[in-house]
Amino acid sequence: MIKTIKDLIGSNTPAQAEDTKKIVLIDPADLQGPPEPDMRIVGLFSDVHEEKVAEVIHAMLYLDETNKLSKPEKQMPIKFYVSTYGGSADDMFALYDIMRQIKETSEIHTIGLGKVMSAGVLLLASGTKGKRQIGKNCRVMIHSVIAGNAGSLHNLENELAEVKKMQEVYLDSLEKVTNLTKKQLKSFMRRKTNVYLTAEEAIKHGIADKILE
């Protein structure tokens, strides 16, 4: 049934009545055609930056709440597709922390496609263990934290200390969600270059669990 706002709440003036005729409420039960697919898919196909990460976080929180309000047999995993060259470490950690929280109530199935680099590696690896897939031709890349700054010597020294701290947190987080030890990760960092892994190598190191079928 389709009703105008006028039908529901009435109107006081002809002007109001004219305006409210433009607004309708639709009862979904009256719509014809097949039902909407029950989607639980989120994607990050861009650099890791504040605006995009905010969208992903909002979507994941909504899907998690949907699961919480559903009966156990109706709950579904969140599928998170990742294809990124990397980006902001701060925004990476924001999403990483939300994923850790959500995994307590909803499974997150991560799927790496095309390229999973830098910040994207932690996000792919942070899915529910056993449910992390990677495309056969996906390239994975790990490197040290990149930063740039300008200013006084004291500020530069302060920023350098903070970058070193951030890298330690990044390595600690990777160690928790992969098979890589802190020693292995630091050996990657000492190469002072980008470290590329094939999909098979990513699985060997526990960044993913299986090749996408």
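The values are calculated or read from the model by the stated rules, or taken from the named source; none is laboratory data. Keep in mind that what you see is a predicted model, and the values were worked out from it rather than measured. No Cβ is skipped: glycine too gets one built from the backbone with ideal geometry, and neighbour counts run over all protein chains shown. Accessible surface is based on the protein model in full, side chains and every heavy atom, while ligands, DNA and RNA are left aside. Shrake-Rupley method; radii C 1.70, N 1.55, O 1.52, S 1.80 Å.
So what is the diffusion coefficient of region 63-158 in µm² per second by Stokes-Einstein at 4 °C and 1.567 mPa s, using a Kirkwood Rh over Cα pairs? So the translational diffusion coefficient is about 86 µm²/s. Using C-alpha pairs below 8 Å separated by at least 6 residues, the relative contact order for region 157-213 is 31 percent. Using the Cβ-Cβ distance between Lys186 and His58 with R0 set to 35 Å, the FRET efficiency works out to roughly 0.50.
The residues of region 67-213 expose on average 55 square angstrom of accessible surface per residue, using a 1.4 Å probe on protein heavy atoms. Think of each Lys and Arg Cβ as +1 and each Asp and Glu Cβ as -1; about the Cα centre, that makes the dipole of region 117-213 roughly 360 debye. Carbon and sulfur: what percent of region 86-159's accessible surface (1.4 Å probe)? Reported share for carbon and sulfur atoms: 47 percent.
Taking the average, over residues, of other Cβ atoms within 10 Å as the packing measure, peptides 171-182, 118-129 rank 118-129, 171-182 from highest down. Cross-link pairs exceeding 21 Å between alpha carbons, from the set Lys52/Lys79; Lys131/Lys165; Lys71/Lys129; Lys79/Lys210; Lys103/Lys182: Lys131/Lys165; Lys71/Lys129; Lys103/Lys182.
Label positions at Leu212 and Ala161, each projected 7 Å from the Cα along the C-beta direction, are separated by 4.4 nm.
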